[in-house]
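The structure under discussion appears below in the form of structure tokens.
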Amino acid sequence: MEFQRENRIIKCVLDAGELILKSGGEINRVEDTMTRMFQAYGFLRADVFTITSSIVVTVYTAQGAILTQTRRIYGYDTNLQRVALVNQLAREVCASPIGVEELECRLEEIDRSREWPFWFKILLYGATAAVFAVFYSGGVLEAVFAAVTGMGICLLLRLMQQAVSNAIVRYAACSAVGGLFLTLVQKCGISFHIDPAMMGNIMLLIPGLPFMNAIREMLAGDTMSGLLRLCESLIRTIAIAAGFIGAMTLMGGGLR
């Protein structure tokens, strides 16, 4: 029974680490949070190794057993509220360890924590793209078409989430559709500058948080995970730009 309880604790702590990593938390936060939680539950030692796609943990129990579990990480989403909730739960556990059943229920609640409604997310995409279009010297028309393109990209990303597992391919395809839409609007005779509208949507999709986490991880000494995250961010950025520019080039459009 003690062996089963220890494995359940390891699974729960892995769940906590996975939630932080998938929601935009940095590697150091994942490893530190998991290590402190293991210590709070009485494990003599915990070795946690984390990269962007995997978490490996080995713990040493008071009875002399050595237990190891591995968790493969699929997909990411920025949800800093979820990171904050896991951090708060970890602080409570470190102050006074709770039962395994309660820990499992709390983690399930955090995993199901309410996000913004999808319609609000669509409006937010459109507003953000419009603001960036104006920032890049666009006018009213550029802001309007940037907003429409941004809302369409948000919807398309949602529809492709289940069909296409590779995030880079999803963003490249959505960018290409956005570039195609802007070029077609211009070819219909509506006179507007396509480059501010395009830049508004490129800035909307740029992986800013992963890029900053990559820099922080490398500065903190997590060179491997930092380089992996940096490479992924750069490839995604190139794919986004290539999607927009490639679609406009094929349609005979261009920046002006």
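The values are calculated or read from the model by the stated rules, or taken from the named source; none is laboratory data. Everything quoted here is computed from the prediction, not taken from an experiment. Because the Cβ atoms are built from the backbone with ideal geometry, glycine has one as well, and the counts that use them run over all protein chains shown. Keep in mind that these areas ignore ligands, DNA and RNA; they rest on the heavy atoms of the full protein, side chains included. Shrake-Rupley method; radii C 1.70, N 1.55, O 1.52, S 1.80 Å.
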Give the label of the value calculated from the structure for P(r) over Cα pairs in 10 Å bins from 0, in percent, choosing from (1) 6, 22, 26, 24, 15, 6, 1, 0; (2) 7, 26, 27, 19, 12, 6, 2, 0; (3) 8, 33, 36, 19, 5, 0.
(2)
Accessible area of the chain belonging to carbon and sulfur atoms, whole % at 1.4 Å probe
62 percent
Determine the relative contact order of the chain: mean sequence separation of Cα pairs under 8 Å and six or more apart, normalised by residue count, in whole percent.
18 percent
Out of ALA197, ALA167, ALA62, a Gaussian network model of the chain with alpha-carbon springs under 10 Å gives the largest mean-square fluctuation to ALA62
Accessible solvent surface per residue of the range 209-255, calculated while the other protein chains remain in place, 1.4 angstrom probe, Å²
54 Å²
Where the centroid of each part is defined by its Cα atoms, how far is the range 68-131 from the range 157-190 in Å?
28 Å
Selection of chymotrypsin sites (Phe, Trp or Tyr not before Pro), the range 22-95, meeting DSSP coil and at most 16 other Cβ within 10 Å:
TYR74
Can you work out ³J(HN,Hα) from phi for every residue in the range 75-89, in order, using Karplus 6.51 cos²θ - 1.76 cosθ + 1.60 and θ = phi - 60°, giving whole Hz and x for Gly and Pro?
x, 9, 8, 7, 8, 5, 5, 5, 4, 5, 5, 5, 4, 5, 4
The range 145-204 - Kirkwood radius from inverse mean 1/r over Cα pairs (Å):
11.9 Å
For the range 115-256: relative contact order, % (alpha-carbon pairs under 8 angstrom, 6 or more apart)
30 percent
Can you tell me the relative contact order of the range 4-112? Whole percent, Cα pairs under 8 Å, sequence separation 6 or more.
30 percent
Do the sum for the chain: with -39,500 (n - 2.57) for every DSSP H run of n ≥ 4, divided by all residues, what is the mean residue ellipticity at 222 nm, to the nearest 500 deg cm²/dmol?
-23000 deg cm²/dmol
